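Here the structure comes first, spelled out in structure tokens, and everything after it is commentary.
The values are calculated or read from the model by the stated rules, or taken from the named source; none is laboratory data. Since the structure is predicted, the reported quantities are computational estimates derived from the model, not experimental observations. FYI the Cβ positions are ideal-geometry reconstructions off the backbone, even for glycines, and counts take in every protein chain you see.
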Amino acid sequence: MVETGFESIYHLFEKPLKEPVKRAQKPTSRSRRLLEKVEPVRMPPDDMQSAKNEGRLTLRQMLDNSKKIFGRRHKQDRSIKITKISPYAGTRWIRFDATSTGEDNKMYNMTLIFYKVDFTDEKDAVHNRKVDITPKGGQQRIIRKWMAPINIAKNPAAAWCSCPDFQYRHEWYLQPKKSLAGGHKRRPYKRKTRTRPSVNPLKLPGVCKHLYQLALKLEASNPPFLVGPTGHGM
């Protein structure tokens, strides 16, 4: 081959080779199994509950708000019946379900839930209220715990009642405070008239007379579930 003298500059006109694009490889079955074994970081139960309870109202605050709305005290309702008590020692909360029958023989259901409740395995001077926990899964063995009284001014709480007064007066303002109990969502309410004043002009989250009477019953139990006192709230 005859050298022309241009061979040394041929490389200047050659197109550079592109490097192959590396694509992300899909995880193999073995790598997927390894990833599944890695447990996600979870918050401790107490920290999770503290985060959920942040901003939640106490029963004392609800009763004080109701007193501002009603401006009167209600007569004692002897038809209140506690139908179920559900303690959850692991997450430190307890739920009370009850019913109330009015003069028109109409029955209303209600729920009160208290958080940051102190449970223990042994009875002592503070933990003197017995509660029984029935495990799920068909087990017959009942777990017995002892709880300290609930302070209505300190323990976060949530409430719900099926009566119309609770729906129209309190329900709408309780949910933003994370104090609407039982997994219920606030029901929409449209005013039928504008000639009458609002039933809750201050827009305060409170409780109806049925929940107030349930609180009185829990306070009057022996030993008491609640300490506060409750009576001067409404």
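Look through segment 55-73, keep the residues that are part of a loop (DSSP other than H, G, I, E, B) and modelled with pLDDT of 90 or more, and return whichever of them is surrounded by the most Cβ atoms within 10 Å (Cβ to Cβ). Spell out the reasoning first.
Filtering segment 55-73 for residues part of a loop (DSSP other than H, G, I, E, B) gives 55-57, 71-73.
Within this subset, residues satisfying the condition of being modelled with pLDDT of 90 or more are 56-57.
On the way: Arg56: 18, Leu57: 21.
Applying the filter and picking the extreme gives Leu57.
Quick check: is even one residue across segment 91-112 closer than 22 Å to Gln61 by Cβ, touching a Phe, Trp or Tyr at 6+ places or on another chain (Cβ under 6 Å) and not aliphatic (A, V, I, L, M)? Yes, segment 91-112 contains a residue that is closer than 22 Å to Gln61 by Cβ, touching a Phe, Trp or Tyr at 6+ places or on another chain (Cβ under 6 Å) and not aliphatic (A, V, I, L, M). Only residues that are more than 17 Å from the chain's Cα centre (by Cα) and in a loop (DSSP other than H, G, I, E, B) were counted in segment 136-178, giving 12.
Summed over segment 142-173, residues that are over 17 Å from Leu63 (Cβ atoms) and either at pLDDT 95 or above or buried (at least 17 other Cβ atoms within 10 Å of the Cβ) (or both) total 7.
Which one is surrounded by the most Cβ atoms within 10 Å (Cβ to Cβ), of the residues in segment 81-135 that are outside any strand (DSSP E or B), of a type in the set (Gly, Ala, Ser) and in contact (Cβ under 8 Å) with a residue 40 or more places away in the chain?
For segment 81-135, the residue satisfying everything is Ala89.
Restricting attention to segment 194-234 and to residues that are assigned to a loop (DSSP other than H, G, I, E, B) and of a type in the set (D, E, K, R), the residue that is modelled with the lowest pLDDT turns out to be Arg194.
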